[in-house]
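What follows draws every value from the coordinates through simple rules; no lab data is involved. Note that the coordinates shown come from a computational prediction; the quantities given were computed from them, not determined experimentally. Here Cβ is always computed from backbone atoms with ideal geometry, including for glycine, and neighbour counts include all displayed protein chains.
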Amino acid sequence: MRAWVVEKCGPVDGKPLALVDRPEPEPGPGQVRVRISCCGVCRTDLHLAECDLPPKHPEVIPGHEIVGHVDALGPGADRFALGERIGVPWLARTDGTCKFCRRGQENLCLDPRFTGWDQDGGYAEACVVNEGYAYRLHEALDDEHAAPLLCAGIIGYRSLKCAAVPPGGRLGIYGFGASAHIIAQLALRQGLRVHVLTRGEGNRKLATELGADSVGDAADMPPEPLDGAILFAPAGELVPVALRALDRGGTLAVAGIWLSDIPALNYDAELFQERKLRSVTANTRADGEEFLALAARLGVRPTTVPYPMDAAQDALADLAHGRYSGAAVLHND
Ligand SMILES: [Zn+2]
Ligand SMILES: [Zn+2]
């Protein structure tokens with residue numbers, strides 16, 4: 001099969017990915033093989049391609065927002081039928097035995113595996129997945145529009161929960177990429193007031209179209225204090241900016257897997273009055289199931305930009321340079 005691999009990580013304009021020929025993967029015990037229809041492009045793929053995240057093994061196939069149909073069952077796999085449409089997300093496996101798994105925090109597992117980092121992902125024609133970590137997909141969305149829900153949506157949802165905004169409260173969203181534009185829709189449909197603070201005319205336009213209560217530049221103060229905020233932009237310099245925008249007791253959740261360094265904080269202006277700063281690390285499968293059900297019920301629909309699979313490297317470069325708004329999705333055929 002044709003597959004993209006991270007040949008030598010480095011700046012995306014230097015073309016770190018290579019298109020290669022690989023044998024089709026065979027599903028092992030408890031795994032199924034997925035004939036890939038679409039794979040979303042996540043900023044984590046860019047971090048991996050550009051060496052922000054250390055490669056776990058050479059020539060890994062990136063991509064962890066995979067939609068396709070089951071075309072082979074490994075020994076003992078019985079959760080899905082042949083031909084069933086499923087989604088393959090970022091969380092590929094946890095050990096199930098460490099103290100974090102045992103207390104329901106599998107997102108903090110001491111020995112996790114991730115799709116498109118530890119094991120081959122979706123920038124290819126097929127992949128295998130541990131069946132217990134895949135999702136059934138609601139029929140409301142076609143493959144292209146379902147794909148971005150699988151990481152951007154799920155991680156964004158966990159970030160929204162971590163930001164702990166009370167019902168009817170005020171949410172700030174810093175950065176407005178794939179994850180943010182999905183979670184803004186969810187928050188608005190749940191009745192929150194949503195203030196978007198982001199660079200880029202295209203992103204601000206999309207936020208306005210989606211119904212944000214206000215839209216400003218990343219460095220602006222929102223028009224009212226925030227009960228909670230999510231930092232989606234991988235920019236540590238925005239941490240103090242967002243903390244200053246919080247009301248007393250508010251929480252800033254940092255959604256990304258990677259963040260540039262955070263400058264020194266001023267305790268009085270940025271943390272005192274019980275403002276909280278926290279990270280968000282991966283997700284549990286329960287987060288995923290909850291989010292996918294909510295997204296279907298509330299009619300959340302990503303704004304997508306399709307690319308042929310052969311253009312994966314261009315899609316990553318366009319992401320790096322902010323050349324599109326919403327979520328890029330790669331298509332096989
Ligand atoms: Zn564990
Ligand atoms: Zn992702």
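Going from the residue with the fewest nearby Cβ atoms within 10 Å to the one with the most, CYS151, CYS162 rank CYS162, CYS151. Estimated from helices alone, the mean residue ellipticity of the chain at 222 nm is -6500 deg cm²/dmol (sum of -39500 (n - 2.57) over DSSP H runs with n ≥ 4, per residue). Remark: the stretch 30-112 carries a charge dipole of roughly 300 debye about the Cα centre, counting +1 on each Lys and Arg Cβ and -1 on each Asp and Glu Cβ. A DSSP coil position with no more than 10 other Cβ atoms inside 10 Å describes the following trypsin sites (Lys or Arg not before Pro) in the stretch 63-110: ARG103. What the pair-distance distribution of the chain shows, using all Cα-Cα distances binned every 10 Å from zero, is 6, 27, 35, 23, 8, 1 percent. Applying the criteria of a DSSP loop state and at most 13 other Cβ atoms within 10 Å to the trypsin sites (Lys or Arg not before Pro) of the stretch 1-73 yields LYS56. Distant-in-sequence amide contacts of LEU226, defined by a placed amide H-H separation under 5 Å and a gap of 5 or more residues or a different chain, comprise LEU246, ASP247.
Charged side chains reduced to their Cβ positions (Lys and Arg at +1, Asp and Glu at -1) give the stretch 174-250 a dipole of some 120 debye around its Cα centre. In the chain, Cα pairs under 8 Å separated by at least six residues give a relative contact order of 19 percent.
The ranking of TYR267, TYR133 by Cβ neighbour count inside 10 Å, starting from the fewest, reads TYR267, TYR133. Between the listed residues PRO89, PRO62, GLN105, the Cα displaced farthest toward the positive end of the dipole of the stretch 38-140, a dipole computed from Cβ unit charges relative to the Cα centre, is found at GLN105.
Close amide-amide hydrogen proximity is noted between ARG93 and ARG113, each under 5 Å apart and 5 or more residues distant or on a separate chain (H modeled in the peptide plane; Pro and chain starts excluded).
Each of GLY200, LEU171, ILE155 was placed along the dipole of the stretch 140-221 (beta-carbon charges, centred on the mean Cα), and the one lying farthest toward the positive end is LEU171. Rounded to the nearest 10 degrees, the angle from helix 178-189 to the longest Cα principal axis of the chain is 60 degrees.
Restricting the stretch 268-333 to chymotrypsin sites (Phe, Trp or Tyr not before Pro) that sit in a DSSP loop and have at most 15 other Cβ atoms within 10 Å of their own Cβ leaves PHE272. Using equal-weight Cα scatterers in the Debye expression, the normalised intensity of the stretch 207-289 in log10 at q = 0.20, 0.25 Å⁻¹ is -0.98, -1.27.
Charged side chains reduced to their Cβ positions (Lys and Arg at +1, Asp and Glu at -1) give the chain a dipole of some 940 debye around its Cα centre. The listed peptides 113-119, 257-263, 86-92, 307-313, ordered by packing as a protection proxy, come out as 86-92, 113-119, 307-313, 257-263 (highest mean of other Cβ atoms within 10 Å first). Loop sites by DSSP among the GluC sites (Glu not before Pro) of the chain, restricted to those with at most 10 other Cβ atoms within 10 angstrom, leave 1-138 as the longest stretch without any of them. Rounded to whole numbers, the Karplus 3J(HN,Hα) couplings from phi for the stretch 85-99 are 7, 9, x, 10, x, 5, 6, 9, 5, 10, 7, x, 10, 6, 5 Hz, using 6.51 cos²θ - 1.76 cosθ + 1.60 with θ = phi - 60°, and x at Gly and Pro.
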